[in-house]
Amino acid sequence: MLLSQNVWKIYGLKGNPFDVRALSLVSETLLPISKAFVGRSHESKESQIITNLLRNPGGACVAIEGDIGVGKTTFVNYHRFLWENEALDKLFTPIQEIGLAFHGNIKNFMMNILDSLICKIMVLSDADAIMKKVPLFQEILILSKVYFKKNLQIEGGAFGFNFGVVKNEFISVPEVSENQLLWYFQQMVQEIKKLGYAGIFLHFDNLEVVARQETTRLRLFFEQIRDILQTPDVYFIFVSYRGFFSEIITPLERVRSIFFGYPIYISPLKQEEVIEAIEKRYSLLSNGSFFCKPIEDAFIIYLYKLFKGKIRFIMDSINTLVPNLVLTKPITLTCKDACQYLLKMTKERLNSITQKEREILEFAAHQETFTNQKICQTFHMPASNVTRTLQSLQQGNLIYPNHQAGKYIYYCISEELRIIQENTLSQPESFPYPKSNLSIHDKAIQFLQSFSQKEFTAQEYQKAAGIAASTARLYLNRFLKQGIICRKGKGRATRYQNSPLGMENL
């Protein structure tokens with residue numbers, strides 16, 4: 001096999017149009033955010049809110065909420081780009097968003113901020129002159145290089161300039177207090193403003209991961225950083241999961257008072273906007289001489305409905321599919337073929353799991369979230385067995401903990417596995433996949449009536465109806481609640497029988 005990065009070249013593209021990474025502020029890229037950004041224009045509600053917030057001088061603190069994969073990070077990056085490059089009153093912003101690595105440590109939080117700011121200073125065109133002119137920046141640079149270390153050897157000129165650190169000089173680093181770090185931050189803000197900026201725009205990511213650890217500790221963390229969040233002329237933007245503001249911020253009155261009144265909610269892009277975004281990427285990446293679409297737009301529409309508009313998972317599915325085809329000439333995959341290939345790849349990934357794990361995954365594919373208790377009730381399994389099964393699925397990256405409410409942990413199936421939903425596999429163009437609030441389909445009732453004179457098992461019902469095991473269980477549980485059928489026995493001995501009075505109401 002010829003080793004060459006030519007996956008997209010055969011389509012006439014210079015790069016990957018389905019790159020799942022958020023669009024960044026870096027201009028030296030094939031997909032600059034200034035040209036590749038689609039949707040949520042200045043007229044959109046979310047853009048108007050954040051623009052008005054940033055137009056208000058003095059600083060602010062706001063939460064951005066939305067489901068994973070809808071484009072929250074790209075949305076904030078776009079506004080960071082606008083306010084650093086096109087605004088009259090420019091805001092200084094780091095090269096990348098700041099990942100909130102939560103260890104309950106204010107020093108880590110402060111050092112992440114200082115380090116991100118000094119790294120941005122270092123890439124400015126006149127960085128050498130600025131560093132020589134502002135001793136504070138020199139101190140922060142050294143501090144960022146030796147944080148959490150007792151000492152460090154620094155060679156003068158190693159960073160492209162010489163600011164008084166002698167070659168092979170041995171530096172002893174004292175313990176820096178939280179108050180000292182806050183003072184450094186406040187002074188750094190003022191020095192950056194002297195460079196011609198109206199303030200600083202800080203973008204914090206990763207709150208979904210942080211919140212899974214423990215909401216109580218996260219609330220305490222925001223209580224501890226309250227004074228930092230009130231630093232003048234700094235705009236703190238926290239990109240978070242849906243419900244973060246009400247769950248974490250609202251209960252903290254002192255913290256709530258310094259946040260913008262409500263979170264800015266980011267909904268999924270419209271179907272036509274997702275197609276427009278991909279078309280724009282085709283245009284930006286085209287080599288100009290030849291172009292062939294890798295997949296039909298119908299497949300994009302199919303994925304849009306499957307993932308409820310979450311563009312990251314739409315892109316990821318196509319990005320997973322196309323490189324695995326190993327084509328020697330460009331072919332535009334039809335929706336039908338693309339679905340079959342993607343389903344085949346998904347099934348291969350599930351070859352190593354047990355039948356029970358497969359049934360639980362099929363059930364989970366129809367749910368927004370599910371708990372250990374829900375699996376126990378649906379499959380009549382002991383809690384200990386369910387716990388082991390969910391741990392196994394989690395280790396295989398097939399499910400993940402979404403959030404915790406009290407003692408209950410809510411899980412989600414990994415988005416790329418949602419293609420295993422029953423009916424989606426055979427007729428993708430009509431999108432007839434069932435959801436967690438299933439209605440009683442005529443087909444299910446018809447097959448239920450075929451058992452009117454005898455008892456039957458869940459497996460017998462599934463086979464007769466021609467539906468997935470998880471879907472059969474969903475129907476049977478619904479019929480039980482409505483009194484249409486009754487249940488006898490427990491576990492593997494469970495059998496069902498039609499209720500005469502219930503059947504009369506069908």
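What follows is calculated from the coordinates using simple rules that are stated; it is not laboratory data. Since we're looking at a predicted model, the values are computed, not measured. When we count neighbours, we look across all protein chains shown, and the Cβ atoms used for this are built from the backbone with ideal geometry, even at glycine.
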| Around Glu191, what is the net charge, scoring Lys/Arg as +1 and Asp/Glu as -1 over all other residues with Cβ under 15 Å from its Cβ? | +2
| field | Local electrostatic count at Gln271 - Lys and Arg +1, Asp and Glu -1, tallied over other residues with Cβ under 14 Å | value | -1
| Going by a ≥ b ≥ c, the root eigenvalues of the Cα gyration tensor, does segment 176-322 fall in the rounded group (a/c under 1.5), the prolate group (a/b larger than b/c) or the oblate group? | prolate
| query | Mind listing the phi-derived Karplus ³J(HN,Hα) values for segment 276-286, rounded to whole Hz, using 6.51, -1.76 and 1.60 with θ = phi - 60°, and x for any glycine or proline? | reply | 4, 4, 5, 4, 5, 5, 4, 5, 5, 9, 5
| field | Out-of-range pairs (alpha-carbon distance over 25 Å; input Lys132/Lys194; Lys90/Lys270; Lys463/Lys488) | value | Lys90/Lys270
| query | If the cut-off is a Cα-Cα distance under 15 Å, which aspartates and glutamates reach Lys310, setting aside same-chain residues fewer than 8 apart in sequence? | reply | Asp19, Glu65, Asp67, Glu272, Glu273, Glu276, Glu368, Glu415, Glu416
| request: Would you mind calculating the gained length between Lys336 and Arg21 on full extension (0.36 nm times residue separation, minus the Cα-Cα distance), in nm to one decimal? | output: 110.7 nm
| field | Amide hydrogen neighbours beyond the local backbone of Ile485, cut-off 5 Å, H modeled | value | Leu480, Ser499
| field | Cα shape, segment 270-330, gyration tensor, a/c 1.5 rule | value | oblate
| note | For Ile409, the residues 5 or more places away or on another chain with a placed amide H closer than 5 Å to its own amide H are Asn372
| task | Could you go through segment 220-230 in sequence order and give the Karplus-derived ³J(HN,Hα) for each residue, using 6.51 cos²θ - 1.76 cosθ + 1.60 with θ = phi - 60°, rounded to whole Hz, and x for Gly and Pro? | result | 4, 4, 5, 4, 6, 9, 4, 5, 5, 5, 9
| Counting only residues 5 or more places away or on other chains, whose amide H sits under 5 Å from the amide H of Ile98 once H atoms are built in the peptide plane? | His203, Phe204, Asp205
| Relative packing of peptides 57-68, 242-253 - highest average C-beta neighbours within 10 Å first | 57-68, 242-253
| Estimated inter-spin distance, Ile68 and Ala493, nm [label 7 Å along Cα→Cβ] | 4.1 nm
| message | Out of the trypsin sites (Lys or Arg not before Pro) in segment 243-319, which ones are loop residues according to DSSP with at most 15 other C-beta atoms within 10 Å? | response | Lys270, Lys308
| Förster radius 41 Å - calculated FRET efficiency between Asp227 and Lys280, Cβ distance, rounded to 0.05 | 0.45
| task | Mind giving me the nanometre distance, one decimal, between the label points for Phe291 and Ser384, set 7 Å out from Cα along Cα→Cβ? | result | 6.1 nm
